[in-house]
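The values are calculated or read from the model by the stated rules, or taken from the named source; none is laboratory data. As the structure is a computational prediction, the values presented were derived from the model and not from experiment. Here the Cβ positions follow ideal geometry from the backbone for every residue, glycine too, while neighbour counts run over all protein chains shown. Only protein heavy atoms, including side chains, enter the accessible area calculation; ligands, DNA and RNA are left aside. Shrake-Rupley method; radii C 1.70, N 1.55, O 1.52, S 1.80 Å.
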Amino acid sequence: NAGVTQTPKFQVLKTGQSMTLQCAQDMNHNSMYWYRQDPGMGLRLIYYSASEGTTDKGEVPNGYNVSRLNKREFSLRLESAAPSQTSVYFCASSDTVGGGDEKLFFGSGTQLSVL
Amino acid sequence: AQKITQTQPGMFVQEKEAVTLDCTYDTSDQSYGLFWYKQPSSGEMIFLIYQGSYDEQNATEGRYSLNFQKARKSANLVISASQLGDSAMYFCAMREHYMGRRALTFGSGTRLQVQP
């Protein structure tokens, strides 16, 4: 019963470095999401993937790229990290079979600091 | 414009009392869903309750109920008989069904502290 697994849990980068956040789900969900959480601002959508092979920008996509590697995995890449990208990153997944009441299942988050 | 507004950054409640966390939303869609999530200090996001825009009755899940007032566009979370373990951040979120959107839009959250 792993659910949504994110790695790493913590990461410190220097400005300009690149890294990839990994996310995998074992619930056979079609849709996957990347959110960031900043203090006082709730969760904001970075990118989402409605199904394997598709990705779409969310509210704050600048500075990020994503890859839906297969149905299970959805990675988030920072090509050139900036201090403004210091945040907690959450991956989530949801089913798409339903009337819109499908809840999102979240990973445990990645605390990223960019110095 | 904010789609989800939570006007209470922080709330205090005495143990065993009821508390209402406010949430208002903005959408032109006729079909949408409203969610509440809890985030304890450990950081995980825990689903609490869901209300669909066409649901005629307010949703309930154990000690949680959602006071849904469609005309006022509000979806307040009511926690009855508060427990110390209810201390956490609470987020209201909305899914708009237009064009099959599946992502949720979140409010900024309310930090609830339950006092013994």
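So the values come out like this:
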| item | result |
| --- | --- |
| Elements of type strands (runs of 3 or more DSSP E) contained in region B:10-72, each with 3 or more residues being closer than 27 Å to A:C91 by Cβ | B:32-39, B:46-52 |
| Positions within region A:96-115 being of a type in the set (A, V, I, L, M, F, W, C), in contact with a Leu (Cβ under 8 Å, 6 or more places away or on another chain) and more than 10 Å from every other protein chain (Cβ to nearest Cβ), in sequence order | A:L112, A:V114, A:L115 |
| Subset of region A:1-16 [touching a strand residue (DSSP E or B) at 6+ places or on another chain (Cβ under 9 Å), open to solvent by 80 Å² or more (accessible area, probe 1.4 Å) and of a type outside the set (V, I, T)] | A:K9, A:F10, A:K14 |
| Residues located in region A:79-95, provided they are within 14 Å of chain B (Cβ to nearest Cβ), touching a Ser or Thr at 6+ places or on another chain (Cβ under 6 Å) and farther than 19 Å from B:S41 by Cα | A:S94 |
| Residue match in region B:6-17 (condition: facing chain A (nearest Cβ under 10 Å) and either surrounded by 14 or more Cβ atoms within 10 Å (Cβ to Cβ) or not aromatic (F, W, Y) (or both)) | yes |
| Subset tally (residues that are in contact (Cβ under 8 Å) with a residue 12 or more places away in the chain, under 25 Å from B:H97 (Cα atoms) and either open to solvent by less than 20 Å² (accessible area, probe 1.4 Å) or of a type in the set (D, E, K, R) (or both)) for region A:29-44 | 9 |
